[in-house]
Amino acid sequence: PEKTKGTRFTLELPLTLAIVTALLIQIKDSVFAIPFSSIERVVLIKEENIKSMADQDVAVVDSEHVPLVDMEKIFSLNIDSILNKKEQSVDKEKDLPETEEKKEAEVVVEKKNKTVILIKRGKEIAGLIVDKLLNEQEIIVKPLPEVLHGVKGFSGSTILGEGQTILIIDAVGLLQDSNQLVRI
């Protein structure tokens, strides 16, 4: 038999390079990645189904009380705009007379759903509240620079196809700090 000719390429990757499938999420104007290995599932929870228990926000999912972590507050994203919105909503409520308009405004607030990513650590489950789910993507995990090694909540970074660098959330590590589960 005649041997065919061809070219062989050998690609050697460093051991520190890892490729994982991740869910890209948006919190305010920032994009982050959460590895699928950390995610149990994603649920929508009505705002009125979120209760406060002992300085912690919880939601009932499948008859279980699930502690919630508001990622926007954890990462201190746009806190000034949050405070301004609260002040504006209080001012708007004062301006509205007790009419149908005010009742309709309250109904709109009640129907708002929160996107919650359920994270499982052993037998414990906690929910991360995010603004938006973007897409699923395979990403290359790059280690954090030494300057950021002490920062909790992140396991690395990646560069998306468009050239945007984003941080990869260490969801399980974030939940190990019980202070994160206390409402801020």
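Read the figures in this text as sums done on the coordinates, not as results from a lab. This structure is a prediction, so every number in the text was calculated from the model and none was measured. All Cβ positions, glycine included, derive from the backbone under ideal geometry; neighbour counts span all protein chains shown.
Annotations
- For Lys28, distant residues with modelled amide H under 5 Å away: Asp131
- Estimated FRET transfer efficiency (Asp62, Asn135; beta-carbon r; R0 22 Å; 0.05): 0.25
- Entries in Lys112/Lys152; Lys46/Lys142; Lys51/Lys152; Lys73/Lys132; Lys114/Lys142; Lys46/Lys152 that, when Cα-Cα distance is taken, lie over 25 Å: Lys112/Lys152; Lys46/Lys142; Lys51/Lys152; Lys114/Lys142; Lys46/Lys152
- With the simple model of a label 7 Å out from the Cα in the direction of the Cβ, Thr165 to Glu124 spans 3.2 nm.
- Estimated inter-spin distance, Thr7 and Glu146, nm [label 7 Å along Cα→Cβ]: 3.9 nm
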